[in-house]
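The values are calculated or read from the model by the stated rules, or taken from the named source; none is laboratory data. All values derive from a computational prediction rather than experimental measurement. Ideal geometry is used to build each Cβ from the backbone, glycine not excepted, and the neighbour counts take in all protein chains shown. SASA here: full protein model, heavy atoms, side chains in, ligands and nucleic acids out. Shrake-Rupley method; radii C 1.70, N 1.55, O 1.52, S 1.80 Å.
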Amino acid sequence: MTAAVTRRAGPNVKEDKHWNSSRDEQRRPTLPDRDTTEAGEAVKPREPLQRAEPSPARSENLPQAQAGGVWEQIMARANLFSALDRVVRNGGAAGRDGMTVEDLRPYLISHGLEIRASLDAGTDRPSPVGRVEIAKPDGGVRLLGLPPAMDRLIQQAIAQGLRPWFEPRFSPQSYGYRPGGRAQDAVETAQGYIREGYTWTVALDLEKFFDRVSHDQLRARVARVVQDRRVLALIRRYLESGVLLNGVVIEREEGVRPGGPLSPLLSNIRLDDLDKEWEKRGRRFVRYADDCHI
């Protein structure tokens, strides 16, 4: 195993198949063993964007925010292995450390306690993401991040733990990266507004939104709902993990790089203020990620 993969390891421990201690198991909230919702469609299908991980807002099986707290939900054994299943099913290329999604399960069996301990202690450090440039159909490029497989797993666990706390607050006119939130559903909603007699529309596309999101503003909006400092600190580490470009790590002070499982949810959290403003003004609108029609 390369140094980049084992950066999380602490003192050697015996093989662990459970991640959590027995006490953690007794107090963990009940979460489904598998994330059974289906991924939403991409905003621009011709661009190979990260497959958006679905949230349960429109699902009848929406997990409820548990009394045990957000950190406990994220670190619950069932949630971690559900995240593992999701990352393995999504596939994707190996990160710069060479670890593939197929390597994750045996690695976790051997090093699960060490990873959990480093997360609890706040000593875990995500690796800088590799940068991939994807050509846009209308010219220019879209920058995607390629996090290592282990970081994708932890991001997925964070996203699954946060969804029950945020999804019920989101606007039903927000369709991107949510269950049942297909692009076609947004189009059909817009067509319904036209049938009601609303024939003028303003189209918004927030230029370079994913590159320019303020980390401070985003964390402040997460903190409106989640006050656990461990969760906020972990999100901050992922936001500031940096990008590897030509062998040099470039630190980031803004931006949510598409490509990781956590980015879609954080983007919706940041744009929820926009949705609430349109609702307050009584506007008919549909939004899919950073594209909005009013």
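Couple of notes before you dig in:
- Positions within the stretch 164-203 being part of a loop (DSSP other than H, G, I, E, B), within 20 Å of Asn268 (Cβ to Cβ) and open to solvent by less than 70 Å² (accessible area, probe 1.4 Å), in sequence order: Phe170, Ser171, Gln173, Tyr175, Gly176, Tyr177, Arg178, Pro179, Gly180, Gly181
- Positions within the stretch 283-294 being in a loop (DSSP other than H, G, I, E, B) and either open to solvent by 50 Å² or more (accessible area, probe 1.4 Å) or touching a Cys at 6+ places or on another chain (Cβ under 7 Å) (or both), in sequence order: Arg283, Arg284, Phe285
- The residue that is surrounded by the fewest Cβ atoms within 10 Å (Cβ to Cβ), among those in the stretch 90-112 that are of a type in the set (Gly, Ala, Ser) and part of a helix (DSSP H, G or I), is Ser110.
- The set of residues in the stretch 229-282 being touching a Ser or Thr at 6+ places or on another chain (Cβ under 7 Å), at pLDDT below 90 and open to solvent by 50 Å² or more (accessible area, probe 1.4 Å) consists of Glu254 alone.
- Residue list for the stretch 134-155, restricted to those being in a strand (DSSP E or B) and either at pLDDT 85 or above or more than 17 Å from Arg212 (Cα to Cα) (or both): Ile134, Ala135, Leu146
- In the set (1) within 17 Å of the chain's Cα centre (by Cα); (2) modelled with pLDDT under 95, Leu162 fails one condition alone, (2).
- The residue pairs whose first member lies in the stretch 184-212 and is within 19 Å of Val256 (Cα to Cα), whose second member is of a type in the set (Lys, Arg) and modelled with pLDDT under 90, and whose beta carbons are closer than 7 Å, counting only pairs six or more residues apart or on different chains, are Phe210/Arg257.
- Subset of the stretch 59-106 [at pLDDT 90 or above and of a type in the set (D, E, K, R)]: Glu72, Asp85, Arg86, Arg89, Glu102, Asp103, Arg105
- When Pro126, Pro54 are checked against the criterion of being assigned to a loop (DSSP other than H, G, I, E, B), modelled with pLDDT of 80 or more and either surrounded by 19 or more Cβ atoms within 10 Å (Cβ to Cβ) or of a type outside the set (Asp, Glu) (or both), a single residue qualifies: Pro126.
- Residue within the stretch 204-226 that is over 24 Å from the mean Cα position of the chain (by Cα), of a type in the set (Ser, Thr, Tyr) and surrounded by fewer than 17 Cβ atoms within 10 Å (Cβ to Cβ) present: no
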